[in-house]
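Each remark here refers to the structure printed beneath this line.
The values are calculated or read from the model by the stated rules, or taken from the named source; none is laboratory data. Keep in mind that this is a model prediction, so the values were computed, not measured. Heads up, the Cβs are rebuilt from the backbone with ideal geometry, glycines too, and the neighbour counts pull from every protein chain shown.
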Amino acid sequence: MEEEAKTDSLALECFMSDHQGFFGSIKNSTRDFVVTEINISGQLVTETTLLEHVTPQLSDGSGQVCLGGELKIEGQVSTLTTDCASEETDSTPGELDCAVVDCRNSDTTAACDDVYDLEGVLGHAVNEALEQFAASARDAPRLVETAKSAELSLGTFPEKHQRALVHRAVRHFFPFLMTLTNKTEVLVKEDPDYEELARLVSEEEAEDFFRFIDAKVPNASFTFAQDDSKEHRKAVHHFLSKRFGKLVETKSFSDVAGHGLQKTSITVRFRARSKPGKKRTATDCQEECAIYTGFTLRKENLETLEAIGYMAALLGVLPSDFTYAGIKDKRALTHQSMVVKKISPERLTQKSPEFEKKGIQLSHIQPVSQPLHLGRLRGNRFQLVVRDLRPHGPGSGADLPRLVREALDNVEAKGFVNAYGPQRFGAGQGVKADQVGLALLKGEMVTAVRLFFTPDEGDDLQNRAKNHFLQTGNAKESLALMPGHKVRERLVLRALHRYGTGREGCARGWLSLPHGTRAFYVHAYCSRVWNGAAAFRLCRLGRGAAALRGDLVWTREGRGRGQGGEQTPQKVHVVTAAEEAEGVFSLSQVVLPMPGNAVKYPENALGPWYRERLERDGLRDCRFRVTPLKLNVPGCYRPLLAYPRNLTRRLQGVPGGGPAERDDPLAPPAGPSLALSFDLDASCYATVCLREIMKCDP
C-alpha cells in the first residue's frame, strides 16, 4: 500500500509547466478561503435565486405548495402547468461528489436511504429505555398474553412532522414494534402482525419485509426466500392478503434451476392506483404535493453534513430531507444552494436566527418544486489568500512579482493535472477512505469495518471509542463512548450491537448508512486508481500537446450533460494512429476512466497499467458490484487536465505588487501575500491547482 500511495502521489508531482513557483500557506483563517457555488446556469448562488433555474411552486401560506396557475416573480407572470408534480423518492447524497462533472454512480436498486439517529431524535435516556424495551420484547417468552400488551411512552411531540419522524425511526430500527399516537404522545408496543409473519418466515425476512412496507418506495418489490412447499406459500399469501391486501399484491414465481429442479418464491409488489386519474385542482395539489424550500447556505468552519445535521435536529426532520449539488470545504467560508423537504419557507425563516449560533446563515429562502441532485452545478468560485510568500531558492521578495506572474500565466495557458486532492481520501493520519473502499470491493466486510474504526492521532472521545471497539469488539460500550454528533459511527455501532460483529453483522452495519455514504468509500478507491493512471500517462507516456494513439477523448456527442449535470460516460473515442500523426486531438481533450463495469479503458500502455493495478489490489475478477451493500459502480470518465477561469490576482507587501484586476472581496492581507480569485469546474480541487502554481504543497 505504501508503494501504491507513492506511485499515486506522482499525479500531484507531475506538473504541466516548468516555472519555478514559490512558497506560501493557505487557510490561515477560514476567511482566507472562500468558496461560492456556481449553479447550472453559470451564476453565483450569492447573486441569483433558485427561482431562476428551478420551477417555482405556489404556496397558500399554510406550508402546502403545488404547481399550477400563475406565479409572479419580480413583476413578471409565469404560466405554469396545472398538473401536480410527482413526489420523488428521497436519495441521500454521499459525503463527496465522486463524479459531479464526469459521471454519477448510482444504484439501480430502489432503496430507502434515510439516516435515523434515534438518540438524536429521542434523547439518550428515552433511547436507552427503548432499546431495553425492544430487547425484552425479543427475548421474553411469548407465553404470557399480558406481556404483549405492554407499552412504552416515548414522550410527547407537539408537531405532526416530529411524530412522523419518531414513527419512521422506530419502525426502521425495530420492525417488530409498532408505534401508536395518543394525541401528541407516541407509544410503542409489540406488533402482532410481525409476530405472525415471523412464525411463517425467518425473523430476518420479516424485518426486511416490514422495512419494505414502511419505506413505500414506488415500483419496488420484495421477494421472500425460496419456498418449495405449496401449503406454506398458501399460508404466507393468506397472511399478506389479510393484513396488507389493500396495499400490496403477491404472486408466486417459479424458476428452473440446474438439473431441472424448480425453485419457487413469493414476490410482493405495491398495488397500482385502482382509481382512474383525474384532472387535479389547485386545492388537490396543495393537499398532496410535497413541500420543498430552497435556500442559499452560508457556513464557516463546518462540514456540509455537520451543518445539515444541526439544521435537521432543530427543524425536526431527517438529514436526508436536505439535498444539495456538492460538498464544500470545512475550513473555509462557503456558499451553496440547498433544498429541504417538508419545511415551508415561513418555518425555515423563523428558525434561521437559531442556526446563526452555529455559524450558519440562510438567504434566498423560497418555495421550489423539487430537490437538488448531486452534480447539479457548473462549478465553484474560489477566493483565497496565500500568505508568507517567499521564493523556493535564493532570492528576495523583489523576485516574487515575476515568479507569481510566470506561474499564473503558465497555469492559465497549460492547465494543471486534474488529480483528486488529499482531502478526497481523508485528511487524518489514520486509514484512508480508499483502503476502506478496496475492502468493500473485495467483499471483506469485517476488515472494512475495522478500517472504518481505525482512530486518528489524538485522545479525543471519538478516538477513544474507536480504540475501545478495536480492542474489545464491544459495540454497545463503544456506542456509549462515541460522541453524539458522530452520526455515521453511531449508526454502524448500533447495527453491530444488534446483529453482531461477524460478516453478516458488518454488512448490516454498512447498510445502516445511506447509499451515497457507502458509495463514497468505493469511489475513493477508484479516485486513487485514477490519480495513479494520470501519473503514468503524463510521467511515462509524455506531456506532449497532442493526444497519443490509444488515448480516450470525448466525442462531440459525449460532452453533453445529463439530468444531474454529469457528463455521459459512453461517448468516448479511441485515438487512432492517423489522428495522432495529424494532431487531431490535443492533450486537453484526453479523459481517463474511473474503474467500473461500464467503461472503456485506453488502448495503449495505459490499458495494461489499469489491469495490473487492479490485479495487484486483488480485483482481477472484480465486477464492481457489491451486492450485499446494493452498490453498483459503472465507472465514468474524468478529464486529464483542468483549467482555471476568470483568474484575477493581487500581490501585496512586495515591491512591484500590482493592483487588483477587480474588487477583492477579501480583507487586504498583511505582509507578502497573494489574493487570488478563479473559477473551477465541479469536482476540481483548488488545492491541486495551487500546487501547480506554487510547485509545492500550499
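Observations on the structure shown:
- Residue match in the range 201-212 (condition: assigned to a loop (DSSP other than H, G, I, E, B) and either within 28 Å of ASP228 (Cα to Cα) or not assigned by TED's automatic domain parsing to the domain that holds ARG490 (or both)): yes
- Just so you know, in the range 362-406 the residues that are basic (Lys, Arg) and in a loop (DSSP other than H, G, I, E, B) include one that is farthest from the chain's Cα centre (by Cα), and it is ARG378.
- Filter result (surrounded by 13 or more Cβ atoms within 10 Å (Cβ to Cβ) and closer than 14 Å to LEU197 by Cβ) within the range 215-234: PHE222, PHE224, ASP227, HIS232, ARG233
- Checking each residue in the range 293-311 for being buried (at least 24 other Cβ atoms within 10 Å of the Cβ) and either among the acidic types (Asp, Glu) or in contact with a Pro (Cβ under 6 Å, 6 or more places away or on another chain) (or both) picks out THR293, ILE308.
- Any hit, the range 189-212, residues being over 21 Å from GLY155 (Cβ atoms), of a type in the set (Phe, Trp, Tyr) and at pLDDT below 85: yes
- The residues in the range 183-200 that are in a loop (DSSP other than H, G, I, E, B) and under 21 Å from GLN226 (Cα atoms) can be counted, and the count is 2.
- Restricting the range 580-605 to residues that are surrounded by 15 or more Cβ atoms within 10 Å (Cβ to Cβ) and assigned to a strand (DSSP E or B), the residue that is farthest from the chain's Cα centre (by Cα): VAL590
- Number of the condition not met by LYS630 [criteria: (1) in contact with a Ser or Thr (Cβ under 6 Å, 6 or more places away or on another chain); (2) modelled with pLDDT of 90 or more; (3) more than 21 Å from GLU412 (Cβ to Cβ)]: (2)
- Any hit, the range 453-473, residues being basic (Lys, Arg) and in a helix (DSSP H, G or I): yes
- Residue that is surrounded by fewer than 22 Cβ atoms within 10 Å (Cβ to Cβ), closer than 19 Å to THR517 by Cα and touching a residue at least 60 places away in the same chain (Cβ under 8 Å), where the choices are LYS328, LYS341: LYS328
- Restricting the range 154-166 to residues that are surrounded by fewer than 19 Cβ atoms within 10 Å (Cβ to Cβ) and of a type outside the set (D, E, K, R), the residue that is farthest from ALA129 (Cα to Cα): HIS161
- All conditions but one from (1) over 17 Å from LEU400 (Cβ atoms); (2) surrounded by fewer than 20 Cβ atoms within 10 Å (Cβ to Cβ); (3) over 23 Å from the mean Cα position of the chain (by Cα); (4) modelled with pLDDT of 90 or more apply to ASP697; the one that does not is (4).
- Every residue from the range 328-364 that is under 22 Å from ASN301 (Cα atoms) and touching a Pro at 6+ places or on another chain (Cβ under 7 Å): VAL339
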